[in-house]
Ligand code: XLS
Ligand code: NI
Ligand code: NI
């Protein structure tokens, strides 16, 4: 045991009336929601990078956090893992997520970096067993080191492409060995800073070639998890190729990979793309590629991926409504891709941020389940499209009609359609009743 979280109790469900800050008010892993345990619906994961690797820097200032595991070397990497697993236990989260760079020190050579990663996999594997913590997903950090400044798969230098592919292999291996449920690819610098030096066509082909290798390797080693791309429109690059869910789907379709790869949708990235989170989730569900979510909250004024912990219950309710409607998570889950504000220095800030986020998600989930079970929203939606049940309407969709037939139909039936209310305010009032 380390003493980092000394004095902080294990967080348990005490109900909404409790005065104890170190308790869940709404998240009760055992509570049944639509016949399924809340823990199995939400499938929470802690993100290693924000909670244990990030040091509090912003564009105007450096490190604010002082953690005993900051620094280089395997001993500190092991201490970091010890503290991480203590936090997973305090929170009772079933999963965590990591990049290679979060859990292992960078080596002097590629081979040393990989052997550091392997050694850390050996170290965390038994901890996962002992605490019953699973790996929601692993991923490769192909954006921090200067070698990746012009991209990884989309880099103009084929040696960087090769280095990125070799790194991907090591991270897929690590994820596979730890029983990961998914493998995520966020294209950190797969985009451009200026079109003046960029060949869009070539870079898309490079990206597809790499993705194909990832898919082949997954099948070759028998990795049963889901491959996920995480869309983001910009930041760090001015323009990222995986702009949003629809763009990613277009890319997958273009290269015939739409049955192999799904998406990990992040709330903050949806906002950056000018969408709502529920839009991105509904779109992914509609395209059959909804995999998992990164949960956070973006500041609506900053135009930046601020990665704050979720606390907006109405937003969570609409998000889980889309997820539940799509049948809920299979291999996916709710990953806290969220970080403390840089002034939140204390170990207890880390615990309370997650506990509050878990409660906000739980409230959202319960509200979403109530909306679905009640069915009023879906009934009104179905009513809006009810005209399409008619024989004539079906024919219009099934290819039985051409434009001339429509012309004849309109004239014969004397059509003069009367507009009907979209009932938006009524629907918004309805949603508010469940919050
Ligand atoms: C950055 C991304 C990143 C991915 C994992 O904005 O959200 O944290 O989730 O590489
Ligand atoms: Ni993000
Ligand atoms: Ni993310």
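The values are calculated or read from the model by the stated rules, or taken from the named source; none is laboratory data. For clarity, every value in this text was computed on a predicted model and none was experimentally measured. Note: ideal-geometry Cβ built from the backbone for every residue, glycine included; neighbour counts use all protein chains shown.
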Hey, residue 292 crowded, with 16+ Cβ neighbours inside 10 Å, in contact with a strand residue (DSSP E or B) (Cβ under 6 Å, 6 or more places away or on another chain) and farther than 18 Å from residue 27 by Cα or not: yes
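Being within 14 Å of ligand 1 (Cβ to nearest atom) and within 17 Å of residue 97 (Cβ to Cβ) narrows it down to one residue among 188, 179, 225; which is it?
On the way: 179 fails: within 14 Å of ligand 1 (Cβ to nearest atom); 225 fails: within 14 Å of ligand 1 (Cβ to nearest atom).
None of the other options fit; the residue is 188.
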Those helices (runs of 4 or more DSSP H) lying entirely in the stretch 91-179 with at least 3 residues modelled with pLDDT of 95 or more and more than 22 Å from the chain's Cα centre (by Cα): 110-131, 158-177
Which numbered condition residue 238 fails, given (1) within 16 Å of ligand 1 (Cβ to nearest atom); (2) over 12 Å from the mean Cα position of the chain (by Cα); (3) crowded, with 24+ Cβ neighbours inside 10 Å: (3)
Residue, surrounded by the fewest Cβ atoms within 10 Å (Cβ to Cβ), within the stretch 137-174, restricted to residues that are within 16 Å of ligand 3 (Cβ to nearest atom) and more than 15 Å from residue 241 (Cβ to Cβ): 144
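Of the residues that sit in the stretch 180-192 and are within 22 Å of the chain's Cα centre (by Cα) and over 20 Å from residue 121 (Cβ atoms), which one is surrounded by the fewest Cβ atoms within 10 Å (Cβ to Cβ)?
Among those that are within 22 Å of the chain's Cα centre (by Cα) and over 20 Å from residue 121 (Cβ atoms), it is 189.
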Cross-chain or 6+ apart pairs with Cβ under 7 Å, the stretch 247-266 first and within 15 Å of residue 183 (Cβ to Cβ) and touching a residue at least 40 places away in the same chain (Cβ under 8 Å), then assigned to a loop (DSSP other than H, G, I, E, B) and within 16 Å of ligand 3 (Cβ to nearest atom): 264/230
Subset of the stretch 312-339 [closer than 23 Å to residue 58 by Cβ and more than 16 Å from ligand 3 (Cβ to nearest atom)]: 312
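What helices (runs of 4 or more DSSP H) lie completely within the stretch 182-280 and have 2 or more residues being within 16 Å of ligand 3 (Cβ to nearest atom) and in contact with a strand residue (DSSP E or B) (Cβ under 6 Å, 6 or more places away or on another chain)? Give the steps one after another, and end with the answer.
Values: elements: 200-221, 245-254, 267-272.
Hits in the stretch 182-280: 245-254.
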Restricting the stretch 301-340 to residues that are out of contact with any helix residue (DSSP H, G or I) (no Cβ under 9 Å at 6 or more places or on another chain) and surrounded by fewer than 22 Cβ atoms within 10 Å (Cβ to Cβ), the residue that is nearest to residue 181 (Cα to Cα): 331
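Mind counting the residues in the stretch 47-76 that are surrounded by 12 or more Cβ atoms within 10 Å (Cβ to Cβ) and more than 18 Å from residue 101 (Cα to Cα)? Walk me through it before giving the result.
Of the residues in the stretch 47-76, the ones surrounded by 12 or more Cβ atoms within 10 Å (Cβ to Cβ) are 47-57, 63-65, 67-71, 74, 76.
Cutting the leftovers down to more than 18 Å from residue 101 (Cα to Cα) gives us 64-65.
Qualifying residue count, the stretch 47-76: 2.
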Any helices (runs of 4 or more DSSP H) falling wholly within the stretch 304-410 and containing at least 2 residues that are farther than 29 Å from residue 430 by Cβ and touching a residue at least 60 places away in the same chain (Cβ under 8 Å): 347-374
From 290, 272, 281, residue being away from ligand 1 (no atom under 14 Å from the Cβ) and under 13 Å from residue 230 (Cβ atoms): 290
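Inspect the stretch 53-68 for any residue being outside any loop (DSSP other than H, G, I, E, B), within 16 Å of ligand 3 (Cβ to nearest atom) and in contact (Cβ under 8 Å) with a residue 12 or more places away in the chain and give the result as yes or no.
Filtering the stretch 53-68 for residues outside any loop (DSSP other than H, G, I, E, B) gives 53, 58, 61.
Filter again for within 16 Å of ligand 3 (Cβ to nearest atom), leaving 53.
Next cut, in contact (Cβ under 8 Å) with a residue 12 or more places away in the chain only: 53.
Among the residues of the stretch 53-68, at least one is outside any loop (DSSP other than H, G, I, E, B), within 16 Å of ligand 3 (Cβ to nearest atom) and in contact (Cβ under 8 Å) with a residue 12 or more places away in the chain, which makes the answer yes.
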